[in-house]
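Asks: Have a look at this one before I ask anything.
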Amino acid sequence: MTEQSVIRVLLMVVLFRQVAVCWCLLVRDWPGWEHLRRWKKPKRRRRRPKPYKKPKPYEGLTRKPVCEACLAEAEAKEGAEKREAPPKIERERGRRPSVDTSMHFCCEEKCVYYGWLGRGNIIANGHPGGKRWRQLKCVVCGKHFQETIGTVFYGSSVPAEDIMHGIALLCEGVSPRKVARVYKVDKDTVLSWLMDAAVHSEAVLGYMLHDLHLSEVQMDELYALLSEMRGEEGERGRCWVWAAIDPISKLILALEVGDRSLAMAQRLVHGVVSVLAPGVVPLFVTDQLAAYTKALLTHFGCWVERTSERSGRVLRRWVPEQRLRYAQVRKRRARRRIVAVSTQVVFGTAEAVRGTLKALGQKINTAYIERVNRTLRAHVPGLGRREEGLAKTESALRRRGVLVVGYYNLCLPHASLREPLRQPIPTKGNGSPKVTVQIGSGS
């Protein structure tokens, strides 16, 4: 290196040093320097543990929450009580009927015997045209109808076996278009199977699930997308699927579809209360959604009078019953992942909650309802993470969900209804034998 190059390097170093000194002197006096310093990454401080605070007793509500489902049910009961039962028809002459028609009623709404079972007004009228289904007749109004009325088989020319297999495919998550292509029928025909089977499934579940003695109930909501467009920008519709399960028998007790609001939480809790035995108050476990607290207070609350410490007045408050036990599972997320899980007892004492769960061999968790959510995602199109076939409306999604609930509770091989098991059925191959459940009264 020559002397000239060495001198150039030294001059460049001195120049850079002088520029750096001048820049620091000028920028420190600039009024916007403090604004730039705010963008520096702050140092992470260790979180100090919060001091323990003794939980305060629940003060209660000044007004009782209103449940629309309870009001509608009360009105329906009042209308049913006003209706008197018609006299039972006894046949004194002729041959005794060989066909039992006690489980059928007249389908004519104008008839006095409409909706009444076992009143002796229904007789069998043979098989018209040599068809499979029997014809029935009401001796009061003279109405003729098929014995499959109110079911998916009524008025259908498709074989009953094909209809049953098609409904089984729908319950397993196959889209109606694929089922229509398999059985060579129209898509609207398969949709009619779905609608009729959903109505029938809901009626059967309401008839079989009643007077249940449960120890614990877990509830949760599941996010779902709809294919219909809403709003001016054409965004896809969104809704939530609410479900409740018994962790012991794995029974799905109720299912509702709607928005994430207090009204939907009250409808879900009302569905659970409708299947419980009178006087039974199980332990409820949910996530941290605040709507569950008010929904449980709606159905398991009572009025209590308290004296105010400040004014001395007597205050009337709606508070939870002493038998009510309610715990929440709180999840803290960061970057769409669960990083911490904590539990909290909202109603009742911690000792009572632990005692109930200890007898069941469990802890406060929502693992069972989360597993059922995974099952619903697999069987109901539109609930999957990347699903092609989405339901168009909330009512269509609810029909599909109700059908899957009936399939899950009554058809899949598990001991949900606590009935005696049949003999194991050997499988083809080296697999373990399957065990089926004998469906009974469901009590």
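The values are calculated or read from the model by the stated rules, or taken from the named source; none is laboratory data. Computed from a predicted model, the values in this text were never measured in an experiment. Virtual Cβ from ideal backbone geometry, glycine too; neighbours counted across all protein chains shown.
Asks: Can you tell me which residue in segment 185-218 is nearest to Pro278 (Cα to Cα), limited to those that are among the hydrophobic types (A, V, I, L, M, F, W, C) and in a loop (DSSP other than H, G, I, E, B)?
Replies: Taking segment 185-218 as the starting set, the residues that turn out to be among the hydrophobic types (A, V, I, L, M, F, W, C) are 185, 190-191, 193-195, 197-199, 203-205, 208-209, 212, 214, 217.
The next check asks that each one be in a loop (DSSP other than H, G, I, E, B); those that pass are 185, 209, 214.
Details: Val185: 47, Leu209: 13, Leu214: 11 Å.
That would be Leu214.
Asks: Among the numbered conditions (1) within 25 Å of Leu209 (Cβ to Cβ); (2) among the acidic types (Asp, Glu); (3) modelled with pLDDT under 85, tell me where Glu370 comes up short.
Replies: (3)
Asks: For segment 276-291, how many residues meet the condition of being under 20 Å from Thr366 (Cβ atoms) and outside any strand (DSSP E or B)? Let's see the steps before the verdict.
Replies: Our first condition is that a residue be under 20 Å from Thr366 (Cβ atoms); within segment 276-291, this holds for 276, 281-291.
With the extra rule that they be outside any strand (DSSP E or B), the set shrinks to 281-282, 287-291.
Looking only at that region, the number is 7.
Asks: Within the set of pairs 6 or more residues apart or between chains, which connect a residue that is over 16 Å from Glu256 (Cα atoms) inside segment 193-209 to a residue that is of a type in the set (Val, Ile, Thr) and at pLDDT below 90 with Cβ atoms less than 6 Å apart?
Replies: Taking only residues 6 or more apart or on different chains, the pairs are Trp193/Val152; Asp196/Val152; Ala197/Val152; His200/Thr151.
Asks: Could you look through segment 216-230, keep only residues that are touching a residue at least 12 places away in the same chain (Cβ under 8 Å) and farther than 30 Å from Gly355 by Cα, and pick out the one that is surrounded by the fewest Cβ atoms within 10 Å (Cβ to Cβ)?
Replies: First, the residues of segment 216-230 that are touching a residue at least 12 places away in the same chain (Cβ under 8 Å): 216-228.
Subsequent filtering for residues that are farther than 30 Å from Gly355 by Cα retains 223-228.
Values: Tyr223: 11, Ala224: 23, Leu225: 16, Leu226: 19, Ser227: 13, Glu228: 13.
Applying the filter and picking the extreme gives Tyr223.
Asks: Restricting to segment 292-313, give me the number of residues that are part of a strand (DSSP E or B) and within 28 Å of Cys70 (Cβ to Cβ). Don't jump to the end; show me each part of the working.
Replies: In the first step, residues of segment 292-313 are kept if they are part of a strand (DSSP E or B); the result is 301-307.
In the following step, the residues that additionally are within 28 Å of Cys70 (Cβ to Cβ) were identified as 301-306.
Number of matching residues: 6.
Asks: Let me ask something else about it. Which of the residues belonging to segment 57-82 are at pLDDT below 70 and basic (Lys, Arg)?
Replies: Across segment 57-82, the qualifying residue is only Lys82.
Asks: Hey, another quick one. Restricted to segment 290-307, and to residues that are touching a strand residue (DSSP E or B) at 6+ places or on another chain (Cβ under 9 Å) and surrounded by fewer than 16 Cβ atoms within 10 Å (Cβ to Cβ), which residue is farthest from Val269 (Cα to Cα)?
Replies: Per the criteria, the residue is Thr307.
Asks: Which of the residues spanning segment 162-215 are among the aliphatic types (A, V, I, L, M), surrounded by fewer than 18 Cβ atoms within 10 Å (Cβ to Cβ) and either under 16 Å from Asn409 (Cα atoms) or touching a strand residue (DSSP E or B) at 6+ places or on another chain (Cβ under 8 Å) (or both)?
Replies: Hits for segment 162-215 are Ala168, Val199, Ala203, Val204, Met208.
Asks: Scan segment 253-266 for residues that are assigned to a helix (DSSP H, G or I) and over 15 Å from Cys239 (Cα atoms) and jot them down.
Replies: Within segment 253-266, the first condition is being assigned to a helix (DSSP H, G or I), and the residues that meet it are 262-266.
Within segment 253-266, just Gln266 meets the criteria.
Asks: Which of the residues belonging to segment 308-324 are buried (at least 16 other Cβ atoms within 10 Å of the Cβ) and touching a Lys or Arg at 6+ places or on another chain (Cβ under 8 Å)?
Replies: Of everything in segment 308-324, those that are buried (at least 16 other Cβ atoms within 10 Å of the Cβ) and touching a Lys or Arg at 6+ places or on another chain (Cβ under 8 Å) turn out to be Arg317, Trp318.
Asks: Shifting gears a bit: What do you reckon, is Arg325 in contact with a Phe, Trp or Tyr (Cβ under 9 Å, 6 or more places away or on another chain), of a type in the set (Lys, Arg) and free of Cβ contacts under 8 Å to residues at least 60 places away in the same chain?
Replies: Working: in contact with a Phe, Trp or Tyr (Cβ under 9 Å, 6 or more places away or on another chain): yes; of a type in the set (Lys, Arg): yes; free of Cβ contacts under 8 Å to residues at least 60 places away in the same chain: yes.
So Arg325 fits the description; yes.
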